[in-house]
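As structure tokens, the structure follows; a few thoughts come after it.
The values are calculated or read from the model by the stated rules, or taken from the named source; none is laboratory data. Note that the structure is a prediction, hence the values are computed from the model and not measured. Heads up, the Cβs are rebuilt from the backbone with ideal geometry, glycines too, and the neighbour counts pull from every protein chain shown.
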Amino acid sequence: MAADTATSDSMEIRDEATARKYFEIARKAEDAGDRLKAIEAYEAAFAVDPDNPEICFRLAYNLDLVGEEDEALHLYEQCAQRPQPPLNALVNLAVLYEDRGNYAQAERCIRQVLATDPNHERARLYIRDILASRDMIIADERDRGDRYSELLETPVTDFDLTVRARNSLRKMNVRTLGDLLRITEAELRNYKNFGEASIEEIKSMLAQRGLRLGQNVEQRQEEARQAALEEMEEDEADAETLNRSVNELQVSVRARKALAMLNIQTIGDLCAKTEAELMGVKNFGMTSLLEIKEALAALGLSLRKLPEN
């Protein structure tokens with residue numbers, strides 16, 4: 001056991017030493033303004049020491065500066081999962097979240113910074129911007145929604161339509177503008193009292209207000225389509241998480257060794273195990289189990305549960 005520990009420790013030291021060498025090369029390249037060389041060296045350092053928050057942050061920062069925002073966002077999120085993440089990583093992550101309209105996530109990052117350092121100057125300034133942007137959007141959306149709702153409740157008799165068109169709409173039980181938006185042009189054409197002139201008249205009246213026949217039907221169809229797409233994207237995101245290596249989990253060396261003994265390679269492999277299977281491994285105790293459960297819970301996952309009798 002002592003030999004195993006020595007080997008493990010020396011491997012960690014060797015990895016850290018290699019990472020530090022690449023890190024120093026990267027910093028020199030960064031200071032010299034050679035951003036691409038710096039990124040290449042930071043990537044090499046990150047490859048041998050992915051748990052180092054400083055390396056992760058510098059790589060994300062430089063990728064962000066060259067326009068690789070998606071990769072930077074992913075790395076900043078990794079930094080944020082560390083027990084003591086770099087505060088500037090959280091601030092930069094908040095900026096990227098705000099750019100994407102994710103104000104709640106941006107606010108959460110900044111509040112995490114302020115909880116650690118209440119006098120953090122950038123965070124104190126930025127929280128006001130985030131809250132102002134969020135409140136402005138909410139107020140604007142609420143105002144637009146109220147005006148739109150009022151417009152939909154307007155009786156069709158308030159609009160400048162011919163008697164023939166009004167009578168036909170009344171017979172179809174179309175009372176308000178909202179009712180009219182739930183009718184498609186094909187449905188109007190199939191109604192026996194509607195002629196081409198009346199249809200064109202109604203379409204013109206709606207167009208003047210930025211509306212069209214069947215608009216609400218299309219909106220409901222689009223909402224259903226978007227909901228289906230979001231569900232598919234969530235499933236894909238879950239699959240991506242399950243395929244990630246268990247080495248990305250923030251757990252102790254003892255827990256990692258236990259997972260290795262069970263030949264658990266991915267997070268999906270781990271989720272397929274029960275508490276009993278993990279506890280059956282030699283030297284695997286309740287502390288390690290709690291570590292793993294907390295790490296999975298942070299990803300919205302859990303160990304497999306046995307069916308209740």
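Here are the numbers for the structure shown:
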| item | result |
| --- | --- |
| Hey, A228 modelled with pLDDT under 80 and under 21 Å from K305 (Cα atoms) or not | no |
| Matching residues in segment 262-289 - criterion: being of a type outside the set (D, E), part of a helix (DSSP H, G or I) and surrounded by 12 or more Cβ atoms within 10 Å (Cβ to Cβ) | I267, G268, L270, C271, L278, M279, S288, L289 |
| Residues satisfying the stated conditions in segment 174-209, i.e. under 13 Å from D160 (Cα atoms) and touching a Phe, Trp or Tyr at 6+ places or on another chain (Cβ under 6 Å) | M205 |
| Residue in segment 195-210 that is at pLDDT below 70 and within 30 Å of L169 (Cα to Cα) present | no |
| Selected residue [more than 14 Å from the chain's Cα centre (by Cα), farther than 23 Å from R35 by Cα and surrounded by fewer than 19 Cβ atoms within 10 Å (Cβ to Cβ)] from E121, E68 | E121 |
